[in-house]
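The values are calculated or read from the model by the stated rules, or taken from the named source; none is laboratory data. Just so we're clear, the structure is a prediction, and the values are computed from it rather than from any experiment. Note that we place each Cβ from the backbone using ideal geometry, even for glycine, and neighbour counts take in every protein chain shown.
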Amino acid sequence: MSRSVESISVIGKLKDEYSEILTSDALRFLGDLHTSFEPRRIELLKKRIERQQALEDGFAPGFLTETENIRQSQWQVAAAPADLNDRRVEITGPVERKMMINALNSGANVFMADFEDSLSPTWSNVIEGQINLKDAINRSLSLTTAEGKSYQLNEKIATLVVRPRGWHLQEAHVVVQGQPISASLFDFGLYFFHNASRLIENGTGPYFYLPKMENHLEARLWNDVFVFAQKQLNIPQGTIRATVLLETILAAFEMDEILYELRDHAAGLNAGRWDYIFSMIKKFRNNLAFILPDRSQITMFVPFMRAYCDLLVQTCHKRGAHAMGGMAAFIPSRKDAEVNAKAMAKVTEDKERETKAGFDGTWVAHPDLVPVAKAVFDAHLGERPNQKDVMRDDAKVLSTELIQTEIANSTITRDGFVLNIDVALQYIEAWLRGNGAVAIHNLMEDAATAEISRAQLWQWLAYNVATDNGHSLTKEFYEQARDAQLKKLISEAGSGRFKEAAEILDKLVLTKDFPEFLTLIAYEYLDHEN
């Protein structure tokens, strides 16, 4: 069954309940967004390819000379709305009904509802996610499980912020003039069309997290989309607020410029640490100087990560924007108190590092971590909603420091190699079954950590590096380790899509040319009937 309105066609399966989201007016709005902005999106993606080729040719990135006046001049982003002024703890998760209710009720200041890295973009996940968001805003979001357990929203809930998918992705189930629509415009457009006015009535607003941008021109495109959308729906300009996930190395050289492009709509920057590490590997994949050690050794204290955080806090506070810290991904064990105690101590240490660095808030992946993170920020902030007054004038970050990847006493280990295979296989298999937020080894993993895992495998194999004990990492060793993990996982799970996951991982790891995104390849394997 399909549906068409003028030049836009829905080719995904249409359930009765989808009609409240895929209305004729909403589809026309999506068509207008596509017509107005798709050519620029395509052009910007082409520029990403050109920039990558420049890096391959030896170009060293740095702060832009042509925008120095923006960095040197005095300007501020718009003042934060009341319900986005105190963001000391933010919880994240996919737009899945039960997880949304638990997150909104968690006691966090903000809930980031995710269409991106923690959501497998099956058609049903995407559309039902839009329904769930609409229900949450109307305060009718509830759930009764098959076992009779009921979930409903508390009177006081977290402020809602939505993360659409990145500019590089498409939504295959909706086409405009024969072309798949941008997943970014689709996610943003449906949410904004259906909920902007009601959000304003509720005393809040349409707030967004923007992922995967690589430069200020991509931020300019988002800003133009916001201006267009607000005008189309008669929403006052500046009502939309957006926090940018600073999760690519090239964007790190343009923090000021990104905030400037979005300044009437900007709410801050977030240190998206896992994607940032992935980006560092991806962008410098053919440079021997950028071979990184085991993921566990790439902490926030290593030079390039510390420089990135210092510059982010300094830039945000100079411009009156929130500087948001990174993810605590630990999932508490219901059985092992010792594991919990050690993990909670590490979470506390990480959040204390963020408060001392000047961050205004932080991310957690599980409701049980909300009080842990909040206790740290409460102790540091007290009654203050944030610490934007901490200007970090001590941070004198040079462009070279952002790409200083030497890590003292670091190693590549056999266990790290096998762990990357294990995490990648488990995550991809779950993603193919429609689950994008996956508990692996007491961590809530999403696409970003799977991207690090497969990127490191590609990099280590491409250069045939040796482990700390002299073991050469070859294609043959990879295949042996992959098969051993595959056998183990299939034995433990009993069923699943592990063989397809292994096929995808091979395409990501054993190819000469580095695939840009795991999700672009895996998307072809999704069940597009659901």
Quiz item: Got at least one residue in segment 357-369 being over 25 Å from LEU160 (Cβ atoms) and at pLDDT below 95?
Solution: no
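Every residue, every condition in (1) surrounded by fewer than 17 Cβ atoms within 10 Å (Cβ to Cβ); (2) touching a helix residue (DSSP H, G or I) at 6+ places or on another chain (Cβ under 8 Å); (3) in contact (Cβ under 8 Å) with a residue 24 or more places away in the chain; (4) closer than 21 Å to TRP167 by Cα, yes or no:
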position	(1), (2), (3), (4)
SER4	yes, no, no, no
VAL10	no, yes, yes, yes
LEU14	yes, no, no, no
TYR18	no, yes, yes, no
PHE29	no, yes, yes, yes
ASP32	no, yes, yes, yes
ILE49	yes, no, no, yes
GLY58	yes, no, no, no
Exercise. Could you identify the single residue in TRP222, TRP274 that is part of a helix (DSSP H, G or I) and either among the polar types (S, T, N, Q) or surrounded by fewer than 23 Cβ atoms within 10 Å (Cβ to Cβ) (or both)?
Key: TRP274
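Can you give me the ranges of the helices (runs of 4 or more DSSP H) entirely in segment 447-530 with at least 3 residues that are in the same structural domain as LEU425 (by TED's automatic domain parsing) and over 26 Å from SER279 (Cα atoms)? Working first, answer last.
Working: elements: 447-462, 475-493, 498-509, 518-522.
In segment 447-530, the matching helices (runs of 4 or more DSSP H) lie at 475-493.
Are there any helices (runs of 4 or more DSSP H) wholly within segment 328-444 with 3 or more residues that are surrounded by 21 or more Cβ atoms within 10 Å (Cβ to Cβ) and aromatic (Phe, Trp, Tyr), and if so which?
On the way: elements: 337-357, 370-381, 414-432.
Correct list: 414-432.
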Quiz item: Has segment 80-99 got any residue that is over 24 Å from GLY325 (Cβ atoms), touching a helix residue (DSSP H, G or I) at 6+ places or on another chain (Cβ under 9 Å) and part of a loop (DSSP other than H, G, I, E, B)?
Solution: yes
Self-check item: Qualifying position, being over 21 Å from the mean Cα position of the chain (by Cα) and modelled with pLDDT of 95 or more, among LEU233, LEU269, LEU262, LEU250
Solution: LEU233
Quiz item: Out of all the residues in segment 386-393, is one or more closer than 25 Å to TYR260 by Cβ, basic (Lys, Arg) and in contact with a strand residue (DSSP E or B) (Cβ under 8 Å, 6 or more places away or on another chain)?
Solution: yes
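I'd like the residue in segment 60-79 that is of a type in the set (Val, Ile, Thr), in a loop (DSSP other than H, G, I, E, B) and under 26 Å from GLY238 (Cα atoms) and, out of all such residues, is farthest from the chain's Cα centre (by Cα).
THR67
Considering segment 237-255 alone, what residues qualify as being in a helix (DSSP H, G or I) and buried (at least 24 other Cβ atoms within 10 Å of the Cβ)? Please lay out each step first, then the result.
If we filter segment 237-255 for residues that are in a helix (DSSP H, G or I), which is where we start, we get 249-252, 255.
Within segment 237-255, ILE249, ALA251, ALA252, MET255 qualify.
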